[in-house]
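Here is the structure we will look at.
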Amino acid sequence: DLVDYTITLKNLSSSDTPDLECTVTDAMLLVDESFTIASGDPDKVITVTGYEIPEGASDPHVNTASVTCSPVGFPNTYDDEASHSVNLFQPAIELTKSGDELSKIGDLVDYTITLKNLSSSDTPDLECTITDTVVGVDESFTIASGDPDKVITVTGFLVPEDAEDPFINTAEVICSPVGFTNVYEDEASHSVELFQPSITFTKVAAEAYSKAGDD
């Protein structure tokens, strides 16, 4: 995700202090800016927008800005630094689907769709929608980290006449943390084996003709 930072330098020197020649650096944010600021001047504000949290970043993600200033005409050096910590949450979901393993065309099948919220405890609540067009599921809800699994049961789904063997259908979920635009998706399929019962029943006689009293 993208993070915005604001780095602010205040010149709190006495009014008779010579102007300060300063350099602000922040290696992580690629900031390296030099300027002069007088006592009483407005704060020097440096904004960094759209910094992308890198893969493998530690949690929390901490970075530090540094400043070095010297009064004009003097060799003295004044240093300061400021750090900022961003808490990184880890969203994670898992969708599963289970149901009858064996059925046939025209019979009823039961399904269970389960969403687990495996996110870290500091993750905002997830706003989710589960859909399964074949069995008629379209349900939206909010689930927090640590909540019980979200379970959707479908009972009495009729295997259609044109169903293929095996009969496979898929449930899908889309989730977003509250306050964030990120989208997390998962899907789960279930396969039902359809057997095809079939019998033939015949009866024949050795003779085409007979009469009363004959075998």
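The values are calculated or read from the model by the stated rules, or taken from the named source; none is laboratory data. Remember, predicted model here, so these are calculated numbers, not experimental data. Positions of Cβ are backbone-derived with ideal geometry, glycine not excepted, and every protein chain shown enters the neighbour counts. Just the protein is used for accessible areas: all its heavy atoms, side chains included, with ligands, DNA and RNA removed. Shrake-Rupley method; radii C 1.70, N 1.55, O 1.52, S 1.80 Å.
Which members of segment 115-147 meet the condition of being part of a loop (DSSP other than H, G, I, E, B), touching a strand residue (DSSP E or B) at 6+ places or on another chain (Cβ under 9 Å), of a type outside the set (Asp, Glu) and in contact (Cβ under 8 Å) with a residue 24 or more places away in the chain?
Correct list: 118, 119, 123, 124, 134, 135, 144, 145, 146.
Looking at segment 1-32, which of its residues are of a type outside the set (A, V, I, L, M, F, W, C), in contact with an Asp or Glu (Cβ under 9 Å, 6 or more places away or on another chain) and closer than 27 Å to residue 85 by Cβ?
Listed by number, the residues that qualify are 1, 5, 8, 10, 11, 23, 25, 26, 32.
How many residues are exposed (fewer than 15 other Cβ atoms within 10 Å of the Cβ) and part of a strand (DSSP E or B) when one looks only at segment 72-95?
Going through segment 72-95 one residue at a time, the tally reaches 8.
Just give me the residues in segment 155-183 being out of contact with any Phe, Trp or Tyr (no Cβ under 9 Å at 6 or more places or on another chain), in a loop (DSSP other than H, G, I, E, B) and open to solvent by less than 40 Å² (accessible area, probe 1.4 Å), in sequence order.
Across segment 155-183, the qualifying residues are 163, 182.
Pick from segment 10-26 the residues that are open to solvent by 30 Å² or more (accessible area, probe 1.4 Å) and assigned to a strand (DSSP E or B): which of them is farthest from residue 50 (Cα to Cα)?
21
In segment 40-66, what count of residues is obtained for those that are closer than 30 Å to residue 18 by Cα and either in a strand (DSSP E or B) or among the acidic types (Asp, Glu) (or both)?
The total comes to 10.
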